[in-house]
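The numbers here are math on the coordinates, done by the rules we state, and not lab data. Keep in mind the model is a prediction, meaning the values are calculated, not measured. Positions of Cβ are generated from backbone atoms using ideal geometry, with glycine treated the same way; all protein chains shown enter the neighbour counts.
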Amino acid sequence: MVIDLETTGFSNNDEIIQLSAIHVKNESEIDSFNQFVKPQTAKLAPNITYLTGINPEDLHNAPTIDQVLPEFQNFIEEFPIVGHNISFDARFLFNSGCNINPKITVDTVNLAQFKNLDTPNNKLETLKDYYGISERSHNSLSDCRTTAIIFENLRNNRLEKHINNEEIPQIFSGLKFCVTGQFSQLSRQQIKKDIISRGGKIMSSVGKSTNYLVEGVQIVNNLTDGVHSRKELDYIALKSAGYDIQRLDEQNFINLLSSYREKEHQNAK
């Protein structure tokens, strides 16, 4: 049984807004549980809506956690539980009145650490990219399915199929990119991977030699002047000074990558 949940935030005052579980047998999903949950006091912040795709309208007529938990507990029964950073889920479930037995849980974070994978960290997004999983992120049902695939790969000692960059046309060779903000279609890790695998270089800040600023949605806490991030302000200043730096939103980056991929396909014929 794989479980995951989405919340209004990370503190003890925050509440569950989506609760999901999938029953997996022989590496196949045989049943699922998925329910939006109406928070009683916590508010749904815009950054959580952007991150999860959950809107206030989704929660307006949803049942409360007290109404959802009995059905959830009946679904998971006494099966062993798999989760990613499961202590987070267990804390919110415990605070809501559902106690997960730690003796029958498996945390894929700990399992990934034990396997010592060649990854910068063991976040769900990172492992998702490592194993080439296409499920959407920050939706608890989709994250359950992602976690199940990660668990199966870790349990069976499967490693990623490493791609030889020499086999990929180096279309971004000599170009420097800076990436900022949050993205809805691609993870930041995937964007950087697409750039690096095609010969581009990732810069930590926008400078005079930067060619592209790939820009997602900025979170309020990251705004330097209340409107722009530091990278955006540097871009504006350098652009005003005459430096040829192109700014791309997520869709424009995808379009740029798609146009190059079309050229790759034509060149391969």
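Worth a mention:
- Once backbone amide H atoms are built at 1.01 Å from N, Thr105 has Ile81 as its partners under 5 Å, excluding neighbours fewer than 5 places away on the same chain.
- Packing-based ranking of 224-235, 11-22 yields 11-22, 224-235, ordered from highest to lowest mean Cβ neighbour count within 10 Å.
- If you sort the three axes of the alpha carbon gyration tensor as a ≥ b ≥ c, you get a/c of 1.5 or more for the stretch 45-160 and a/b no higher than b/c, which makes it oblate.
- Whole-Hz Karplus values for the stretch 238-248 come out as 6, 5, 5, 7, x, 7, 8, 10, 9, 9, 10 Hz, taken residue by residue from phi with 6.51 cos²θ - 1.76 cosθ + 1.60 and θ = phi - 60°; glycine and proline positions read x.
- Residue-wise HN-Hα coupling along the stretch 39-46, computed from phi with Karplus coefficients 6.51, -1.76, 1.60 (Hz; x: Gly, Pro): x, 8, 10, 5, 9, 8, 6, x
- Taking the fewest neighbouring Cβ atoms within 10 Å as the starting point, the ordered list for Tyr212, Tyr50 is Tyr50, Tyr212.
- DSSP beta bridge pairing in the chain, given as percent antiparallel to the nearest 5: 50 percent
- Antiparallel %, DSSP beta bridges [both residues in the stretch 95-229], to 5: 10 percent
- Value of Rg/Rh across the chain [Cα atoms, Kirkwood radius]: 1.02
- Percent of alpha-carbon pairs separated by more than 16 Å within the stretch 165-268: 59 percent
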